[in-house]
1. Beyond a 23 Å Cα-Cα separation, which of these cross-linked pairs lie in this structure: LYS172/LYS245; LYS172/LYS266; LYS44/LYS78; LYS44/LYS135; LYS116/LYS266; LYS156/LYS242?
2. Go through the range 114-170 and name the GluC sites (Glu not before Pro) that are in a DSSP coil and have 14 or fewer other Cβ atoms within 10 Å of their Cβ.
3. Between GLU151 and ASP96, with labels modelled 7 Å along Cα→Cβ, what's the label distance in nm to one decimal, could you check?
4. What distance in nm separates the two pseudo spin-label positions at GLU165 and HIS272, each 7 Å out from Cα along the beta-carbon direction?
5. Quick one: if you stick a label point 7 Å off each Cα along the C-beta vector at LYS282 and PHE119, how many nm between them?
6. Where in the range 157-187 does the amide nitrogen come within less than 12 Å of the point 7 Å from the Cα of VAL247, taken along Cα to Cβ?
7. Using 0.36 nm times the number of residues separating VAL34 and GLU174, minus their current alpha carbon distance, what extension gain do you get?
Amino acid sequence: MNDFFDNRRILDIIWNRKIHFVIIGTIAIALAAVFSSPFFITPKFMASARIYPVNLGSTSEESHTEQMLEIISSADLKFKMFDTFNLHEVYRIDKDDPLYRTYMLGIYNEHFSVRKTEFETVELSFLDPDPLRAKLMCDSIISFYNQKVREMHSAKSMEMVKILEDNMRLRKRERDSIMGLLAEQRRQYQILDYKQQVPEVTRGYVRALADGRENSSGMREIRQLYDNMIEKGAESQILENKFVKLVRTIDSLKFLYDVNLSEANKVISYAHIVEHPQVPDKKAYPVRWLIVAFSLISSLFAGLLVFMVVDYKKQD
């Protein structure tokens, strides 16, 4: 058995059987060329694009490029591609098949690739029998990615809009309630502005006392207002302070509301296209020379093994 793989013996077999090897090689090349032709293997074209993530917020420890990879590879975008290009017809999968999604995802993943480059861009490519469709699929996946991110950001902003809207509604109710209490005090107790009225009423009250007008009608009005301020002044001041704070709070909430509403409704791109997809003019699959070369090497190696076995048995 040690002589079976002897180098000299192998070289002798190759030399003695050189005509056989030529015939085997010729047949292998011919068969590989035929079976790798369009009659047996449908040629496919590849369209590629490179995009760079922009305008993405931080949602986790992932980089923006990794976020882009996650979204582009999501099942939502794949199903959208299925429907847009009727890929069930291209891949010849029955939509009523119980394993429709499994089959479609499997074939789609074989024809679609997405990866991160060393420069943090995302390279995506599609294989398809139709070169124009391959290019359009690249354009569409970028468009669907923008739409998906826009929907995600819009949903997030609309949540804030709803929260701020509810908060503003509550604060406005408080403000209206305090306005009602202040109006009642102003009407019933004539307390219009506690801080400004206190020194004026006090000054008028002291002056009336000094002038000896305790029993005059004017003194009675001043005395009544003075007593009202003693009774309701502190409460009025608290209500006024609350009212001012609520107005400021409502203004701040309104500003945030407008910002988030604008964010929810804005239409911007989340992918900067570094390399636009082109309609391919040369097929990418199958690589016929590689199939022919592999078939030739395999057939010659198989032939060598057969001849070595035959020669070994003759020697026995």
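1. LYS172/LYS266; LYS116/LYS266; LYS156/LYS242
2. GLU118, GLU120
3. 2.9
4. 3.5
5. 2.1
6. 179
7. Between VAL34 and GLU174, full extension yields an extra 42.0 nm.
Every number here is computed from the coordinates shown, using simple stated rules; none is lab data. Every value quoted in this text rests on a predicted model; they were computed, and no experiment measured them. As a convention, Cβ positions derive from the backbone with ideal geometry for all residues, glycine included, and neighbour counts pool all protein chains shown.
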